[in-house]
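S.K.: Before I ask anything, here is the structure I am working with.
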Amino acid sequence: MTWHYGLVAKWWTEFSEDGPEIAYCQRYVERGQPALDVACGTGRLLIPYLRAGLDVDGCDVSADMIELCRDKAEREGFSPTLFVQPMHELDPPRTYKTIFVCGGFGLGSTREQDAAALDRFHENLEPGGTLLLDNENPYSPSYPWRSWSRNERANLPRPRVPLAESERRRGSDGAEYALESRLLDLDPIEQFATYEMRAGIWRSGELVQEEEHALRINFYFKNELLLLLERAGFIDIVVHGDHREEAATRDSDFVVFIAKRP
C-alpha cells in the first residue's frame, strides 16, 4: 500500500526539491562510492549528487517515480543506473560502499518486509560499507501521535476535505496541483497507520484529473531499529538527530542510523 504513483509522483517531482538530508547524506556518499539511493523517488537527493560528480545509482518501488527521475536526469545530461524494486527484494547490479535510505523505510510495507530490507542492505554493501537509514519518530509533529490514544482513535477516519478546497500550487507545466491526505486508521499495538492520499490537477481552472491512493506507514522507535540493525548483522551503529552530525536527543524529530557492515 503506497501512494507514490501517477499524479502524486508528478507532484513530488514538481515540489519536493530540498531538505537537510541532501547535504547530510552527501558527506557520506563522498567518502564511499559507489552509492545506492534506495527509495530515490524522483531524484531529490540523487540528481544533486550526480551534479556533484558522484557515482550513485537509484531504485524505487514506483515505476512512475523512476521514470520521472530518469527524465529529469537525462534533461541534465546524466544517464544513471535506475531500477524498480521494493527494498525487501533488493537485488542491484553491483555492490556498494554506501547505501542510503531517506524517508522511505517502513512505507507501504509489512514489518517482516522491513526486516528483510535490512538484510538486503547488509548483503549488498561491500565489506566495511556504510548504511544510512533515517526514521521519523512517531511523536514528531507531522505524525498523528495524539491518535494513539483510544479516545482520539474514536474520531477516525478523519473528515475528508474536498479537493477543490485544497491549496493549489502551480507547476512548471503551468498546471495547478493539489495534494490532500487524511488519517484513516491507526493501530497502536502493531504500530502502523493507514492514510488516504488524493491528488488533482487543474488546467485553465478546470479539474482535469483526480486520483486516490492509500499508504501504510510503519512506526518505529530508536531502540527497536537498533535491535533490527544488529540482528541484520550491522555493527558500530551511531545515531544522529535531525540530519545533523550530532547525537539524537528526545527533541529530535528524526533519527539517522549510521551502521557498518563488518
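Condition check ((1) touching a residue at least 60 places away in the same chain (Cβ under 8 Å); (2) farther than 18 Å from ALA39 by Cβ; (3) in a loop (DSSP other than H, G, I, E, B); (4) of a type outside the set (S, T, N, Q)) across all residues:
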{"residue": "PHE78", "(1), (2), (3), (4)": "no, yes, yes, yes"}
{"residue": "PHE83", "(1), (2), (3), (4)": "no, no, no, yes"}
{"residue": "SER109", "(1), (2), (3), (4)": "yes, no, yes, no"}
{"residue": "ASP114", "(1), (2), (3), (4)": "yes, no, no, yes"}
{"residue": "THR130", "(1), (2), (3), (4)": "yes, no, no, no"}
{"residue": "ASP134", "(1), (2), (3), (4)": "yes, no, no, yes"}
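S.K.: Pairs under 9 Å by beta carbon, first residue under 14 Å from HIS4 (Cβ atoms) and in contact (Cβ under 8 Å) with a residue 60 or more places away in the chain in the range 58-74, partner crowded, with 22+ Cβ neighbours inside 10 Å and among the basic types (Lys, Arg), six or more apart or different chains?
M.R.: Hits for this filter: ASP64/LYS10.
S.K.: Could you please find all residues in the range 35-90 being over 22 Å from THR130 (Cα atoms), of a type in the set (Ser, Thr, Tyr) and touching an Asp or Glu at 6+ places or on another chain (Cβ under 6 Å)?
M.R.: none
S.K.: Does GLU123 meet the test of being without any contact (Cβ under 8 Å) to a residue 60 or more places away in the chain and closer than 23 Å to TYR5 by Cβ?
M.R.: On the way: without any contact (Cβ under 8 Å) to a residue 60 or more places away in the chain: yes; closer than 23 Å to TYR5 by Cβ: no.
No.
S.K.: Residue under question is THR130, and the condition is that it be under 25 Å from PRO188 (Cβ atoms) and within 19 Å of the chain's Cα centre (by Cα); does it hold?
M.R.: Numbers: under 25 Å from PRO188 (Cβ atoms): no; within 19 Å of the chain's Cα centre (by Cα): yes.
The answer is no for THR130.
S.K.: Of the residues that sit in the range 62-72 and are crowded, with 22+ Cβ neighbours inside 10 Å and not hydroxyl-bearing (Ser, Thr, Tyr), which one is farthest from TYR96 (Cα to Cα)? First the steps, then the outcome.
M.R.: Residues of the range 62-72 crowded, with 22+ Cβ neighbours inside 10 Å: 62, 65-66, 69.
Now drop any that are not not hydroxyl-bearing (Ser, Thr, Tyr), which leaves 65-66, 69.
Numbers: MET65: 22, ILE66: 20, CYS69: 20 Å.
The selected residue is MET65.
S.K.: Exactly one condition in (1) touching a Leu at 6+ places or on another chain (Cβ under 7 Å); (2) closer than 21 Å to SER109 by Cβ is false for VAL61; which is it?
M.R.: (1)
S.K.: Could you tell me whether any residue of the range 95-104 is over 14 Å from the mean Cα position of the chain (by Cα), at pLDDT 95 or above and open to solvent by 50 Å² or more (accessible area, probe 1.4 Å)?
M.R.: Of the residues in the range 95-104, the ones over 14 Å from the mean Cα position of the chain (by Cα) are 95-98.
Cutting the leftovers down to at pLDDT 95 or above gives us 95-98.
This time we only want the ones that are open to solvent by 50 Å² or more (accessible area, probe 1.4 Å), so: 95, 97.
Yes, that holds for at least one residue.
S.K.: Please enumerate the residues belonging to the range 1-33 that are touching a strand residue (DSSP E or B) at 6+ places or on another chain (Cβ under 8 Å), open to solvent by 20 Å² or more (accessible area, probe 1.4 Å) and not acidic (Asp, Glu). Give the derivation first.
M.R.: Pass one, the range 1-33, residues touching a strand residue (DSSP E or B) at 6+ places or on another chain (Cβ under 8 Å): 1-8, 10-11, 14-15, 21, 24-25, 28-29, 31-33.
Add one more test, that the residue is open to solvent by 20 Å² or more (accessible area, probe 1.4 Å), and what stays is 1-6, 10-11, 14-15, 21, 28, 31, 33.
Correct list: MET1, THR2, TRP3, HIS4, TYR5, GLY6, LYS10, TRP11, PHE15, TYR28, ARG31, GLN33.
S.K.: Determine the pairs where a residue that is in contact (Cβ under 8 Å) with a residue 24 or more places away in the chain and under 21 Å from VAL29 (Cβ atoms), located within the range 233-261, has a partner that is open to solvent by 70 Å² or more (accessible area, probe 1.4 Å) and acidic (Asp, Glu) with Cβ atoms under 6 Å apart, the partner being 6 or more residues away or on another chain.
M.R.: That search, which allows pairs on different chains as well, returns LYS260/ASP236.
Matching residues to (1) touching a residue at least 12 places away in the same chain (Cβ under 8 Å); (2) open to solvent by less than 80 Å² (accessible area, probe 1.4 Å); (3) out of contact with any helix residue (DSSP H, G or I) (no Cβ under 6 Å at 6 or more places or on another chain):
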| site | (1), (2), (3) |
| --- | --- |
| GLU152 | no, yes, no |
| ASN155 | no, no, yes |
| ARG158 | yes, no, yes |
| SER166 | yes, yes, yes |
| ARG170 | no, no, yes |
| LEU179 | yes, yes, no |
| LEU183 | yes, yes, yes |
| PRO188 | yes, yes, no |
| GLN191 | yes, yes, yes |
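S.K.: May I ask you to verify whether SER16 is in contact with a helix residue (DSSP H, G or I) (Cβ under 9 Å, 6 or more places away or on another chain) and hydroxyl-bearing (Ser, Thr, Tyr)? Spell out the reasoning first.
M.R.: On the way: in contact with a helix residue (DSSP H, G or I) (Cβ under 9 Å, 6 or more places away or on another chain): no; hydroxyl-bearing (Ser, Thr, Tyr): yes.
No.
S.K.: Looking at (1) out of contact with any helix residue (DSSP H, G or I) (no Cβ under 8 Å at 6 or more places or on another chain); (2) of a type in the set (A, V, I, L, M, F, W, C); (3) open to solvent by less than 40 Å² (accessible area, probe 1.4 Å), which is the one condition that is false for MET197?
M.R.: Tallying (1) out of contact with any helix residue (DSSP H, G or I) (no Cβ under 8 Å at 6 or more places or on another chain); (2) of a type in the set (A, V, I, L, M, F, W, C); (3) open to solvent by less than 40 Å² (accessible area, probe 1.4 Å), MET197 fails exactly one: (1).
The values are calculated or read from the model by the stated rules, or taken from the named source; none is laboratory data. Computed from a prediction, not measured in an experiment: that's the story for all the values here. Neighbour counts are summed over all protein chains in view; Cβ atoms, including those assigned to glycine, are modelled from backbone coordinates with ideal geometry. We work out accessible area using only protein heavy atoms, side chains counted, and drop any ligands, DNA or RNA first. Shrake-Rupley method; radii C 1.70, N 1.55, O 1.52, S 1.80 Å.
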